[in-house]
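A quick write-up on the structure given underneath.
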Amino acid sequence: MTATPDLATPPEIGGIGHSVLRREDDRLIEGQGDFLDDVALPGMLHMAIHRSPVAHARIRGIDTEAASAVDGVVAVVTGELMAAHNLAWMPTLSGDTQAVLATDKVRYQGQEVAAVIATDPYVAADAAALIEVDYDMLPAVTGPQQSLSADAPLIRDEKEGQTDNLVYTWESGDAEATDAVFAEAAKVVTLETFYPRSHPAPLETCGIVADVNSVTGQATVYLTSQAPHAHRTLFALVAGLPEQNIRIISPDLGGGFGNKVPIYPGYVVATAASLLLGTPVKWIESRSDNLISTGFGRDYHMRGELALDAGGRILALRADVLSDQGAFYSDAQPSNFRAGLFHVVTGSYDFAAAHVTCRGAFTNKAPGGVAYRCSFRITEASYLIERLVQNAAYEIGMDPADFRLLNFIREDQFPYTTPTGFTYDSGDYHTALRKAMDEVGYTELRATQAAAREEGRLLGIGIAHFTEAVGAGPSRTYDIAGLKMFDSAELRVHPTGKAILKLGVKTQGQGHETTFAQIVASELGIPVTDIKVVHGDTDNTPYGLGTYASRSTPTSGAATSMVSRKLADKARKIAAHLLEAAEADIDLAAGVFSVRGTPERSVTIQDVAFAAYTNMPEGLEHGLEGVSYYDPPNLTFPYGSYIVVVEVDAETGVWKVDRMVALDDCGVRINPMIVEGQIHGGLTEGFAKSSMQWITFDDDGNCIGANFMDYLVPTAWETPRFELLETCVPSPHHPIGAKGVGESATVGSPAAYVNAVIDAVAHLGVRNIDMPVLADRVWDAIESAS
Amino acid sequence: MEVSVTINGTAQSHDVEARQLLVDFVRSTVGLTGTHIGCDTTSCGVCTVLLDGVPVKACTVLAAQADGHEVTTVEGLKADGELHAVQKAFKENHGLQCGFCTPAMMLVGAALLESNDDPTEDEIRWAISGNLCRCTGYMNIVKSIQAAAAEGRAQ
């Protein structure tokens, strides 16, 4: 489906709406991808990190003698050395400070304590294991409730003015108005649920090759970075290096999912080591390094309440969150929003009052709080409201689908302003849910479920209708570490009509090299195969905030349209000159400029490109190139209706997905094949979190989930089959009507899976089973209910 | 120690540490970086290569164990300048996104098709169940291997 008829292109041009095969695949299927660990520079040294085995302890001493004596070891770096260069601590993305290498205490298991630089990675690892640290053990705090109790040990004793473990309090909405509605409500439905800690775990871990040239001062940093420009600026600010001398190259990324947004201590140590030693230094995380120390997601303890009238209309919502931040507050999210965009928790429903509060607490766990395949705490919000709504339906004896249809924001209410201040751009929720219900055969399924129950079989039907808030900026509202959120695209058309497009964002598998070329193909009519897309190299791309929060298409995609339109305006002038016609009479369609009324008088975009360098009209500069920085006027609000059918084995609690019907409305789809691929991936992430994938800790703060034997990621064998549907209500403010889709299914689907399991046992009185919905938890819930 | 391996049809001999893993031999010593590393516990499968035609996770095989054997990596899938049917199918069916698991997935797919030219969906899912993918949700990987199988049968 294309945005507007004038963006339609034939398949040989391959613009918006065509399932063009991906340009990036050619190198990847031949093993010619260029991933971080593939970077090898002359004289390159290798770094390994020594980590704390304990969660909370004071450091009495660090003995590096044995490590230093290993043949091949070039240097051993401790916090003391980093402190001498004012780099023992670094700022986080949320305005806190984080230890680079611990000097005073260790505050979580896996924290960075020392680093070894050696000629060989095996030697570096050997030597790192020989470092001896003398610890004075302190009690570990492993949960936010414990952390905020009066007798909890102070975790951040180095932080001036910090007298307890509270990180922040935050609220949104109107407490008084909400309380007043609750006081008058016919019914109040409450849900307490925990969204456990999870890890994005891209198959490629994080890493760096830092190459600081001591003669020129040039720092070339190869980095697994979802946001290379933001990282360049932060490197300049943290390390005090002149920004023009820093070049961040983010090569092919083996997935990101939010894990590659923050700056990690290992990056700082490797860069400092390269600076001090004058040689390139490589550091690649092991999988356990990755899982125990870098950007986790979620860890939200949530309580939600809905106030209902006697007819089942939602009147108000209250939500209260206790967030486990780990030892350092390093959420990757806009600075004015301590709970991210969690206040989108009012979801897809029309009601007037809401009040949302959130407290963050330090614990002796790894820091992170990244937006794991979601836009800043949207997943938690979507999960809470969709679980609450389902329970509310049970409590008033209404079908969960009917309850949603009764309470949805109507199509004629868009743009719709929520009680917490979002303005949803567009949508038609009723059509979406009804279409998904028709596909799954909802009415018949309810009958089948009732019949199955008679036979003692437990079938469950779970719905989630999510609304996301993605694509940040606008820059006046949203920033990361003070860097305003807009994004960019630079387009240059060469004399032969071929083009190069440079982006401020960075793909991690989303297919930007294809889809962004498709936008240019639609706008200018240059075939997609003639357009090269460059990204991830700060010396060769315009500034931008990077790829996460489903923001690439809403921001850099929009910039790509806008820069194409700038070029089209100039091209029209050149075409008018070539055709000896008035500029106002020139039409552009699919790469052909023609004179209105006499379409046989025409030139192609390729003719115009050649003329831009060889035959320019008087008064116009040569060349056909430009750059656009796009600051969106609003977020975009993709949505979807997901319906999951499960069967639960009453004897064992084991559940199996029979159907997963997913309808997504992400506005205009640039490349339907790629959109569907992203949805498949997101539905799998949702299944992972609802069924098996979580990181937990024992009472001493030992991380359970430190490798892929304990941190379970679904294989092809467990993963359900998906049935996809779509509707298309374009975003009214995006140049091509697109909304972003990369995270929709991860955001929307967990509640659908969990609601399905709950639905199978709801008649027994079960209202909550926390994720992951493990078989023993289901069995326990059935047993305690009966 | 001296390790001699035929990699993608070319005999290679290198003096390596006895403890060197096959994946590091392939990537660092021989310089074929299409084989990746994703975990330390034989769990994720992105390091899979074919050892005498059988998929093995090269992070848990010593280079020394491959001495005198044949190893096939993703770089060896193409023959006579022609992509392997599995490679073509992965592109045509959107069987990859970030591409990090892809070399291993294709090798496992190719090995499966050597012994079974018409696998069922369950047989494919079982065959690739030692290989994780975080991007695709596996549906298009299964579809790609099915397409390659159909292509193979048509020839």
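The values are calculated or read from the model by the stated rules, or taken from the named source; none is laboratory data. Given the structure is predicted, the values throughout are model-derived calculations rather than measurements. For neighbour counting, all protein chains shown are included, and Cβ atoms are generated from backbone atoms with ideal geometry for every residue, glycine included. Please note that ligands, DNA and RNA were not included when accessible areas were found on the heavy atoms of the full protein model with its side chains. Shrake-Rupley method; radii C 1.70, N 1.55, O 1.52, S 1.80 Å.
Some points to look at:
- Test: residue in the stretch A:748-766 that is more than 23 Å from the chain's Cα centre (by Cα), over 22 Å from A:ALA201 (Cα atoms), at pLDDT 95 or above and of a type in the set (D, E, K, R): yes
- Among the conditions (1) part of a loop (DSSP other than H, G, I, E, B); (2) touching a Lys or Arg at 6+ places or on another chain (Cβ under 9 Å); (3) open to solvent by 10 Å² or more (accessible area, probe 1.4 Å), A:ARG492 misses just one, which is (1).
- Answer from B:GLU151, B:GLU82 - the residue that is closer than 13 Å to A:ILE29 by Cα and among the acidic types (Asp, Glu): B:GLU82
- Residue check for A:MET90: under 22 Å from A:VAL212 (Cβ atoms), in contact with a helix residue (DSSP H, G or I) (Cβ under 6 Å, 6 or more places away or on another chain), in the same structural domain as A:THR224 (by TED's automatic domain parsing) and open to solvent by less than 30 Å² (accessible area, probe 1.4 Å): yes
- Of the residues in the stretch A:586-605, at least one is part of a helix (DSSP H, G or I) and either touching a helix residue (DSSP H, G or I) at 6+ places or on another chain (Cβ under 9 Å) or open to solvent by 30 Å² or more (accessible area, probe 1.4 Å) (or both).
- Within the set A:LYS506, A:LYS498, A:LYS502, the sole residue that is open to solvent by less than 10 Å² (accessible area, probe 1.4 Å) and of a type in the set (Lys, Arg) turns out to be A:LYS506.
- Test: A:ALA568 is at pLDDT 95 or above, more than 35 Å from the chain's Cα centre (by Cα) and among the hydrophobic types (A, V, I, L, M, F, W, C): no
- Filter pass, A:ALA568 being touching a residue at least 40 places away in the same chain (Cβ under 8 Å), over 16 Å from A:HIS494 (Cβ atoms) and buried (at least 24 other Cβ atoms within 10 Å of the Cβ): no
- Note on the stretch A:94-111: among residues that are outside any strand (DSSP E or B) and hydrophobic (A, V, I, L, M, F, W, C), the one that is surrounded by the most Cβ atoms within 10 Å (Cβ to Cβ) is A:LEU101.
- Candidates A:MET660, A:MET673, filtered to the one that is within 14 Å of chain B (Cβ to nearest Cβ), surrounded by fewer than 24 Cβ atoms within 10 Å (Cβ to Cβ) and modelled with pLDDT of 95 or more: A:MET673
- Residue selected from the stretch B:106-126 under the condition exposed (fewer than 15 other Cβ atoms within 10 Å of the Cβ) and outside any helix (DSSP H, G or I), by the criterion nearest to the other protein chains (Cβ to nearest Cβ): B:THR120
- Residue satisfying condition, being open to solvent by 20 Å² or more (accessible area, probe 1.4 Å), within 14 Å of another protein chain (Cβ to nearest Cβ) and outside any loop (DSSP other than H, G, I, E, B), within set A:HIS46, A:HIS18: A:HIS46
- Considering the conditions (1) part of a helix (DSSP H, G or I); (2) surrounded by fewer than 24 Cβ atoms within 10 Å (Cβ to Cβ); (3) not β-branched (Val, Ile, Thr), B:GLY130 is excluded by exactly one of them, (1).
- Qualifying residues in the stretch B:127-138 (those that are under 16 Å from A:ARG22 (Cβ atoms) and of a type outside the set (S, T, N, Q)) - the one nearest to the other protein chains (Cβ to nearest Cβ): B:CYS135
- Those strands (runs of 3 or more DSSP E) of the stretch A:135-215 in which 3 or more residues are in contact with a Leu (Cβ under 9 Å, 6 or more places away or on another chain) and over 20 Å from A:ALA354 (Cα atoms) occupy A:207-212.
- Number of positions in the stretch A:721-753 that are within 14 Å of chain B (Cβ to nearest Cβ) and open to solvent by 10 Å² or more (accessible area, probe 1.4 Å): 7
- Screening A:THR431 with (1) more than 24 Å from A:GLY311 (Cα to Cα); (2) over 26 Å from the mean Cα position of the chain (by Cα); (3) among the polar types (S, T, N, Q) gives one miss only, at (1).
- Meets criteria (touching a residue at least 12 places away in the same chain (Cβ under 8 Å) and open to solvent by less than 50 Å² (accessible area, probe 1.4 Å)) for B:VAL46: yes
- Check on A:ILE396, open to solvent by 40 Å² or more (accessible area, probe 1.4 Å), among the β-branched types (Val, Ile, Thr) and either at pLDDT below 95 or closer than 15 Å to A:TYR349 by Cβ (or both): yes
- Number of positions in the stretch B:25-42 that are surrounded by fewer than 21 Cβ atoms within 10 Å (Cβ to Cβ) and out of contact with any Ser or Thr (no Cβ under 6 Å at 6 or more places or on another chain): 5
- Residues of the stretch A:692-705 classified as open to solvent by 20 Å² or more (accessible area, probe 1.4 Å) and within 14 Å of chain B (Cβ to nearest Cβ), total: 1
- Qualifying residue in the stretch A:764-771 (condition: free of Cβ contacts under 8 Å to residues at least 60 places away in the same chain, more than 9 Å from every other protein chain (Cβ to nearest Cβ), surrounded by fewer than 19 Cβ atoms within 10 Å (Cβ to Cβ) and out of contact with any Lys or Arg (no Cβ under 6 Å at 6 or more places or on another chain)): yes
- Scanning the stretch A:386-405 for residues that are touching a Lys or Arg at 6+ places or on another chain (Cβ under 7 Å) and without any contact (Cβ under 8 Å) to a residue 24 or more places away in the chain gives no hits.
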